[in-house]
Amino acid sequence: MARRPFFAANWKMFKTIGEAVAWGRTFRELTRDVADRDLVAAAPYTALASLAAEVKGSNVGVAAQDVYFEKEGAFTGAVSALMIKDAGAAYAIVGHSERRRIFGDTDASVNRKTHVAIANGIIPIVCIGETLEEREANQTFDVLDRQIKAGLDGITGEQVAALVIAYEPVWAIGTGRNATPQQAGDAHAHIRSRIRQWFGGDAADAVRILYGGSVKPDNVAELRAQPDVDGALVGGASLDPASFFAIASRG
Ligand code: 13P
């Protein structure tokens with residue numbers, strides 16, 4: 001069965017509540033007749049509830065950009081899965097390379113966050129990807145293997161089938177230097193083959209694998225032409241709703 005395409009906007013640390021709501025209003029209008037793909041916007045925590053209220057009843061879903069793995073307690077600054085769900089998020093990005101590099105997320109914490117998201121009915125968008133140094137040292141597949149194995153440790157095949165993986169080569173994020181379709185296609189094929197090996201054929205056939213890193217309206221089609229690229233996770237080019245709509249409809 002064909003996998004349903006999936007396009008997610010990752011706004012990162014951009015947009016006030018008012019800006020988020022305005023984006024949601026424009027985007028829901030633009031996508032009113034789009035029913036054949038999943039469309040998601042990952043907003044800052046502060047804008048989740050307002051954005052969710054704005055896009056309620058539309059084809060647009062809401063994601064948090066992270067989630068903490070503890071249920072509740074003395075964890076100043078952290079936000080739980082229950083809290084983001086309560087705010088209207090159906091998805092959470094987990095293990096984005098910026099969280100790993102700047103905020104100290106590890107494969108182990110990514111794994112705990114993935115578990116807690118699933119346990120709370122939140123669909124995790126699990127990010128993996130190699131640095132430039134790792135690619136140049138021919139370690140790309142080793143890094144992906146480690147991130148998949150550790151990040152999805154203890155997750156069942158059935159749960160893997162329902163989650164989303166984002167392959168984001170770190171050297172392509174925010175640099176304007178996107179992976180070639182061949183590079184993306186090779187990485188995605190590798191990821192799906194490992195999912196098949198470790199979680200079974202049903203999981204491999206169902207899991208959506210997104211490409212992320214300098215995706216733009218004019219390069220999304222060639223990336224999506226790769227058989228294992230099921231959609232995109234878009235940073236900079238998602239901040240403008242018309243630009244993200246162009247990506248989601250051309251891809
Ligand atoms: P850019 O699209 O700005 O390169 O960011 C990609 C990304 O990190 C999405 O999560």
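Key figures for this structure:
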quantity: Gain in span if fully extended, THR106 to ARG196, counting 0.36 nm per residue against the direct Cα distance; calculated: 30.0 nm
quantity: Mean ellipticity per residue at 222 nm, deg cm²/dmol - from DSSP H runs of n ≥ 4 across the chain, formula -39500 (n - 2.57); calculated: -13000 deg cm²/dmol
quantity: Integer Hz, Karplus 6.51/-1.76/1.60 couplings in order for the stretch 33-47, x for Gly and Pro; calculated: 9, 8, 10, 9, 8, 8, 10, 9, 10, 9, 9, x, 3, 4, 9
quantity: Contour minus Cα-Cα distance for ARG3 and ASP240 (0.36 nm per residue); calculated: 82.7 nm
quantity: GluC sites (Glu not before Pro), loop per DSSP, at most 16 other Cβ atoms within 10 Å - longest free stretch of the chain; calculated: 73-251
quantity: Accessible solvent surface per residue of the chain, calculated while the other protein chains remain in place, 1.4 angstrom probe, Å²; calculated: 44
quantity: Amide H within-cut-off set for VAL94, under 5 Å, with H built and near neighbours excluded; calculated: ILE125, VAL126, CYS127
quantity: Stokes-Einstein D for the stretch 1-123, Kirkwood Rh over Cα pairs, 4 °C, 1.567 mPa s (µm²/s); calculated: 87
quantity: Selected from ASN111, ASN178, ASN120 as most flexible by GNM, with the chain as the system and alpha-carbon contacts under 10 Å; calculated: ASN120
quantity: Theoretical gain in end-to-end length, THR76 to ALA35 [0.36 nm per residue, Cα-Cα removed]; calculated: 10.8 nm
quantity: Pairwise label distance in nanometres, GLU19 with SER249, each label 7 Å out on the Cα-Cβ vector; calculated: 2.4
quantity: Derived scalar couplings ³J(HN,Hα) [the stretch 87-98; Karplus, 6.51 cos²θ - 1.76 cosθ + 1.60; whole Hz; x for Gly, Pro]; calculated: 7, x, 7, 9, 9, 9, 6, 10, x, 4, 4, 5
quantity: Convex hull projection area averaged over all views, the chain, Cα basis, nm²; calculated: 12.2
quantity: Under Karplus coefficients 6.51, -1.76 and 1.60, residue-wise ³J(HN,Hα) of the stretch 15-30 in Hz, glycine/proline x; calculated: 5, 6, 4, x, 5, 5, 5, 5, 4, x, 5, 5, 5, 5, 5, 4
quantity: Greater than 21 Å apart at Cα, pairs in LYS56/LYS85; LYS12/LYS216; LYS12/LYS71; LYS15/LYS56; calculated: LYS12/LYS71
quantity: For ILE122, distant residues with modelled amide H under 5 Å away; calculated: none
quantity: Among ILE155, ILE173, ILE123: highest mean-square fluctuation, GNM of the chain, C-alpha pairs under 10 Å; calculated: ILE155
quantity: Protein accessible area in the stretch 1-76, 1.4 Å probe - carbon and sulfur %; calculated: 55
quantity: Label-point separation, GLN139 to THR46 (7 Å along Cα→Cβ), nm; calculated: 3.7
quantity: The chain - percent relative contact order, Cα under 8 Å, separation 6 or more; calculated: 20
quantity: Under 5 Å, built H, 5+ apart or other chain: amide partners of TRP11; calculated: ALA42
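The values are calculated or read from the model by the stated rules, or taken from the named source; none is laboratory data. Worth saying up front: this structure is predicted, and the values here are computed from it rather than measured. In this analysis, Cβ positions are derived from the backbone assuming ideal geometry, glycine residues included, and neighbour counts consider all displayed protein chains. Just so you know, the surface numbers come from the protein's heavy atoms only, side chains and all, with ligands and any DNA or RNA stripped out. Shrake-Rupley method; radii C 1.70, N 1.55, O 1.52, S 1.80 Å.
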